[in-house]
Amino acid sequence: MLLHKRDSRAATLWLGTIWFLPMLGPILYLALGVNRIRRRAISLGVHKTNIHPVPEHLGESQPSGVGHLEMLARLVGRVVEQPLTGGNRVQPLVNGDEAFPAMLAAIESAKTSISLATYIFDNDPSGTRFVHALGRAVERGVAVRVLIDAAGTRYSWPAITHKLKRWQIPFAKFLPASLLTPWRVTTINLRNHRKILVVDGQTAFTGGMNIRHGNVLADNPKSPVRDLHFRVEGPVVGRLQEAFANDWAFTTREALDGAIWFPELKECGNVVARVITDGPDADYDKLRWTLLAALAEAQTSVEIVTPYFLPDYALVTALNLAALREVRVDIILPTQNNLPFVHWASRAMWWQVLERGCRIWLTPPPFDHSKLVIVDGHWVLLGSANWDTRSLRLNFELNVESYGRDFADEMGRIIRDKLRGAREVTLADVDGRSYPAKLRDSIVRLFSPYL
C-alpha cells in the first residue's frame, strides 16, 4: 500500500485501517484500495498508442477564435494517445424515446456484426426488445457480442442473462466480483460504466444511457429518467469499436479483428472527434487531465450537465480559476436525484464553487442522468462519465470530445431547453440549510470516493 498509493492522505487512512483492524482492514483494502486491473490490462497488451496530427483549424473554415482550442486538442492528444479525426457525424438522441428506436433499427438492419457494451441491462420491456432484436440478428448469421458489467446485471431480477442464454446470444459479464470469492474481492469496486453499440463496424451509439425502460418517458414509467445518447458515424467509429474490442478481449480473451468488425470508414460529416477511454488501468486519470486542460483553456463559457457532482480539489480549483478569469461557469444538476446520499454529499461542497462565481442550476423532475460539457461554444465532451471520484478514478468510462461550432450550438440548445424551469442555487440557499442537514451532508461527503 505504501509503495503504490499516490495520495498521502489515502495512504495514511489505509495504514491506520490496516493497523487498527488487523483482520478486517486488509480485506477492506483488497476490496476497495488495490488497483489490480492496471497490471492485468497492461500484460494483455490490448492498448494501442498512436498520436495523429490535429486537423488544420479543427475543421473550421473560419480559423478565428479556435487557436486556444487547437492547443487543447494537441494537449489531449498527448494525454490520451488517441487520434483526432475529422469527417464525423454526431446526432443527439434525447431520452429512450429517441435513442432506443434508433438503436433497435440499427440492430435489425445489421448484416455482419454487432458489439454492445452497457453498464445496466434491465430485464424489463425495453431490455426484452433489445434481446429479441439481438436474437434475430444471431439467427440471421450476424456476429453478435454483448458485454455487461457484472454489477449492472443485478439491477433487475431475474437477470437479463437468462434471456440472452435462451436466445443463444454470445455475452460476457465484466469483472464478476464477490466478497465471498477471495480472488475476486480486489475488483468489487471497479466497474465498467461504458455504453457502446457498434453495428457493422460503421454506425455507433454512445453516451450515458443504460438499457432500462425508465428512459422511455412516453410510457410513463415508475421511475422516469431523462438522458442523452448519440448516434455516431465516420472514422471515429473505429475507435469506439476498438474500445469495445479491448474490453471484450480483456474479459473473454477473444480477439475481435477483421473487416466485419473494422471495415474501412469514410468521412460523412463535419465534426472533428476523438474517443477518450478512462479507467483504473493504463488509461488512469486521462479524463481528469482532459477536464483540467479544457477548464484551463476556457475563455468565455463552461457549461456542465451531470447527475452527480463531486469533483476533487483540483477540479474545484480549476472551476474557480475559470470563474475568476470572468469565464461564465454554469453547472446544471437535477433537483431530484436517484441517489440521495450522492445529492447530500454534493450539496455539502457547493459553497466551494459558488463563492468564487460559478453558478449552479437545479433542473425540475424527472431525474436527469445526462452528461455533457461545452467550452466556449465549440468544444463538446459527451459520454458515460460523471463529475465524481467513482467515474474519474474507479470506473471504466468512455467519452468523446468533439470540436465544431455547429455541433456545439446544437448541444447548447439542448442545455437551454434543460434550463427552462430550472432554479438557480445561491450561496444564501446553501448557508440557509438547517444545522442537522448541514451535519448530515458533511458526514456523507466523507464517503464521496465510494458513492
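The values are calculated or read from the model by the stated rules, or taken from the named source; none is laboratory data. Because the structure is predicted, anything quoted here is derived from the model rather than measured. Glycine also receives a Cβ, built like all others from the backbone with ideal geometry; neighbour counts cover every protein chain displayed. Areas reflect the complete protein model, heavy atoms only, side chains present, ligands, DNA and RNA absent. Shrake-Rupley method; radii C 1.70, N 1.55, O 1.52, S 1.80 Å.
Can you pull out every residue in the stretch 260-280 that is within 20 Å of residue 83 (Cβ to Cβ) and in a loop (DSSP other than H, G, I, E, B)? Don't jump to the end; show me each part of the working.
Pass one, the stretch 260-280, residues within 20 Å of residue 83 (Cβ to Cβ): 261-279.
Listed by number, the residues that qualify are 261, 262, 263, 264, 265, 266, 267, 268, 269, 270, 279.
Please work out which one of (1) farther than 24 Å from residue 214 by Cβ; (2) modelled with pLDDT of 95 or more; (3) open to solvent by 10 Å² or more (accessible area, probe 1.4 Å); (4) outside any helix (DSSP H, G or I) is the condition residue 136 fails and give its number.
So residue 136 meets the others, but not (4).
So, residue 115, is that one of a type in the set (S, T, N, Q), within 30 Å of residue 217 (Cα to Cα), under 23 Å from the mean Cα position of the chain (by Cα) and part of a helix (DSSP H, G or I) or not?
no
Restricting attention to the stretch 100-115, and to residues there that are touching a helix residue (DSSP H, G or I) at 6+ places or on another chain (Cβ under 7 Å) and within 14 Å of residue 230 (Cα to Cα), which single residue is surrounded by the fewest Cβ atoms within 10 Å (Cβ to Cβ)? Explain how you work it out, then say what you get.
Of all residues in the stretch 100-115, those touching a helix residue (DSSP H, G or I) at 6+ places or on another chain (Cβ under 7 Å) come to 100, 104, 107-108, 110, 114-115.
Filter once more, so that each one left must be within 14 Å of residue 230 (Cα to Cα): 100, 104.
Numbers: 100: 21, 104: 16.
By that ranking, first place goes to 104.
Taking the stretch 122-138 as the search range and keeping residues that are closer than 17 Å to residue 155 by Cβ and hydrophobic (A, V, I, L, M, F, W, C), which one is farthest from the chain's Cα centre (by Cα)?
131
Which residues, counting only those in the stretch 390-409, are of a type in the set (Gly, Ala, Ser) and not in a strand (DSSP E or B)? Spell out how you get there, then give the answer.
Our first condition is that a residue be of a type in the set (Gly, Ala, Ser); within the stretch 390-409, this holds for 391, 402, 404, 408.
Listed by number, the residues that qualify are 391, 404, 408.
What's the total number of residues in the stretch 368-384 that are under 20 Å from residue 336 (Cα atoms), in contact with a Lys or Arg (Cβ under 7 Å, 6 or more places away or on another chain) and either open to solvent by less than 10 Å² (accessible area, probe 1.4 Å) or modelled with pLDDT under 95 (or both)? Give the steps one after another, and end with the answer.
First pass over the stretch 368-384, keeping only residues under 20 Å from residue 336 (Cα atoms): 368-372, 384.
Then keep just the ones that are in contact with a Lys or Arg (Cβ under 7 Å, 6 or more places away or on another chain); that gives 368-370, 384.
Next cut, either open to solvent by less than 10 Å² (accessible area, probe 1.4 Å) or modelled with pLDDT under 95 (or both) only: 368, 370, 384.
Qualifying residue count, the stretch 368-384: 3.
What residue, of 252, 206, 277, is of a type in the set (Ser, Thr, Tyr), in contact with a Leu (Cβ under 8 Å, 6 or more places away or on another chain) and over 19 Å from residue 103 (Cβ atoms)? I'd like the intermediate steps shown before the answer.
Details: 252 fails: in contact with a Leu (Cβ under 8 Å, 6 or more places away or on another chain); 206 fails: over 19 Å from residue 103 (Cβ atoms).
Of the residues listed, the single one that is of a type in the set (Ser, Thr, Tyr), in contact with a Leu (Cβ under 8 Å, 6 or more places away or on another chain) and over 19 Å from residue 103 (Cβ atoms) is 277.
Of the residues that sit in the stretch 319-370 and are in contact with a Pro (Cβ under 7 Å, 6 or more places away or on another chain) and among the β-branched types (Val, Ile, Thr), which one is farthest from residue 228 (Cα to Cα)?
The extreme case among them is 335.
For the stretch 407-429, enumerate the residues that are within 25 Å of residue 385 (Cβ to Cβ) and out of contact with any strand residue (DSSP E or B) (no Cβ under 8 Å at 6 or more places or on another chain).
Of everything in the stretch 407-429, those that are within 25 Å of residue 385 (Cβ to Cβ) and out of contact with any strand residue (DSSP E or B) (no Cβ under 8 Å at 6 or more places or on another chain) turn out to be 409, 413, 416, 417.
I'd like the full set of residues that are among the hydrophobic types (A, V, I, L, M, F, W, C) and open to solvent by less than 60 Å² (accessible area, probe 1.4 Å), limited to the stretch 319-343. Lay out the reasoning, then the answer.
First, pick out the residues of the stretch 319-343 that are among the hydrophobic types (A, V, I, L, M, F, W, C): 319, 321-324, 327, 329, 331-333, 339, 341-342.
Correct list: 319, 322, 323, 327, 329, 331, 332, 333, 342.
Every residue in the stretch 278-328 that is of a type in the set (Phe, Trp, Tyr), modelled with pLDDT of 95 or more and in contact with a Lys or Arg (Cβ under 9 Å, 6 or more places away or on another chain), please.
Going through the stretch 278-328, the residues of a type in the set (Phe, Trp, Tyr) turn out to be 284, 289, 308-309, 313.
So of that shortlist, the ones also modelled with pLDDT of 95 or more come out as 289, 308-309.
308, the sole residue that qualifies.
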